[in-house]
1. So for the range 236-275, Kirkwood radius off the Cα pairs, Stokes-Einstein at 10 °C and 1.306 mPa s: how many µm² s⁻¹?
2. Quick one: which of Lys76/Lys299; Lys115/Lys191; Lys75/Lys363 span more than 32 angstrom between C-alpha atoms?
3. Over the chain, with a Gaussian network built from C-alpha contacts below 10 Å, which listed residue (Leu212, Leu71, Leu240) shows the highest mean-square fluctuation?
4. Could you please tell me the mean projected area of the C-alpha convex hull for the range 1-136, averaged over all directions and given in square nanometres to one decimal?
5. Where nothing but the Cβ of Lys and Arg (+1) and of Asp and Glu (-1) is charged, how large is the charge dipole of the chain around its Cα centre, in debye to the nearest 20?
6. Given a 1.4 angstrom probe, I'd like the percentage of the accessible area of the chain that is carbon and sulfur, rounded to a whole number.
7. Rounded, prolate or oblate for the range 173-305? Axes are the square roots of the Cα gyration tensor eigenvalues, ordered a ≥ b ≥ c, and the cut-off for rounded is a/c under 1.5.
8. Given q = 0.16 Å⁻¹, what are the Debye log10 I(q)/I(0) values for the range 280-344, with equal point scatterers placed on the Cα positions and solvent ignored?
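The values are calculated or read from the model by the stated rules, or taken from the named source; none is laboratory data. Owing to the predicted nature of the structure, the values given are computational and were not obtained by experimental measurement. Note that we place each Cβ from the backbone using ideal geometry, even for glycine, and neighbour counts take in every protein chain shown. Accessible surface areas use protein heavy atoms only, side chains included; no ligands, DNA or RNA. Shrake-Rupley method; radii C 1.70, N 1.55, O 1.52, S 1.80 Å.
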Amino acid sequence: MSQIFNDKAIANLKTTVRCIGVDLSKVLLAVVLLEALLQVIAPEYTNNTFDRELTGGRPIAVSSAGNRGPLLPIKKAPGELRILGMGDSTTFGTGIAAEDTWPAQLATVFQKNGKAATYINAALEGYSVKEINSVYRNQWSKYQPDLVVLAVDDNLVSMTWFRRNDKSVIANPYLEPIVKSKLADVKKHFKIFATPSWLKINSQKALYFVGLANNNLKPEVPLGATLALGWQQADLPKDLAERAWKQFEIDLIALRDSVAADGRSLTVVYLPPRFMAFDGFSDNEQRVPKQRLTMDAGKRLGEICKSLGLAYVDSTGGIRRGRSAIRDREGRFAPMYIKFDMVHLDKDGHKAVAEDLFGLLGKTD
């Protein structure tokens with residue numbers, strides 16, 4: 001009897017193992033087919049690494065001075081038109097190559113129009129306006145820029161509010177030695193695959209779509225693009241957005257005065273979030289309920305700049321025109337923002353900003 005039972009148990013075990021093997025084979029086949037399909041129809045999901053060395057799979061390429069892009073000598077060459085781009089992660093170029101950021105593309109536009117233009121991308125993720133001012137005074141001012149441009153996205157407004165009492169400037173992490181690890185080396189080998197990125201992004205989309213993720217701000221850490229847009233939330237002070245903009249204006253005045261003390265003028269450009277620039281379903285993948293927004297951030301920033309005597313351009317229109325031009329010229333849909341991101345512009349978006357800025361600055365350089 002025991003032997004019969006053992007034989008049955010072994011047979012059942014073999015059957016179970018065989019079924020599991022068949023199921024795993026099916027899953028593996030599905031993953032392989034999905035990967036093959038993505039490699040053909042959505043190759044942009046490959047090489048989508050974000051780490052200490054790469055952003056969206058592109059080298060971060062920070063110079064020894066701390067700017068993203070080429071290292072320039074402090075002394076300018078004769079006839080050189082030097083552009084200083086300042087801001088946070090959007091200007092830094094999260095998800096894109098250094099040469100595709102708007103400071104680099106603005107220099108290229110000037111070069112095509114006969115100017116010996118160079119650029120310094122002095123932005124960094126997580127900066128506040130107060131920190132931008134400090135870094136300008138202590139470092140970038142001595143590089144004698146001819147054009148000083150601050151790019152403002154809505155995240156910069158919330159960060160300026162949240163860090164209003166900070167006394168120190170965040171250290172540039174890209175100037176620290178890179179600590180190598182075996183795990184990081186292993187991850188690099190997987191960057192050629194599209195499936196992991198596709199699954200991660202689309203699972204996040206699904207959570208927002210079914211309502212399991214939302215856009216509410218944390219009252220103790222009110223960071224995010226919606227604060228500058230007057231986001232209404234029961235557990236947030238009703239005047240929080242107004243206070244954030246007031247703080248932003250105070251710090252912008254200080255930055256304006258620092259630039260003016262060097263005999264230069266500050267220019268400001270507004271970078272809108274994707275869900276405000278466009279109305280398409282795919283342009284609001286995080287399902288931001290726009291009925292809870294009570295401010296026009298681009299208009300508010302324009303009013304502040306006008307009162308402070310600052311040159312200003314709202315790039316919302318330029319980004320919209322850029323998408324339309326690409327559709328008409330190339331026959332493709334241009335998101336203008338990196339994947340599943342409502343703030344960070346892609347290469348096309350940065351180009352639209354650069355062209356808008358050239359329309360403003362190219363007449364007066």
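1. Calculated translational D: 130 µm²/s.
2. Lys76/Lys299; Lys115/Lys191
3. Leu212
4. Details: hull surface 59.9 nm².
For the range 1-136, the mean projected area of the Cα convex hull comes to 15.0 nm².
5. Charge dipole, the chain, about its Cα centre: 440 debye, nearest 20.
6. About 59 percent, which is the carbon plus sulfur part of the accessible surface.
7. Because a/c hits 1.5 or more and a/b fails to exceed b/c, the range 173-305 counts as oblate.
8. The Cα Debye sum returns log10 ratios of -0.75.
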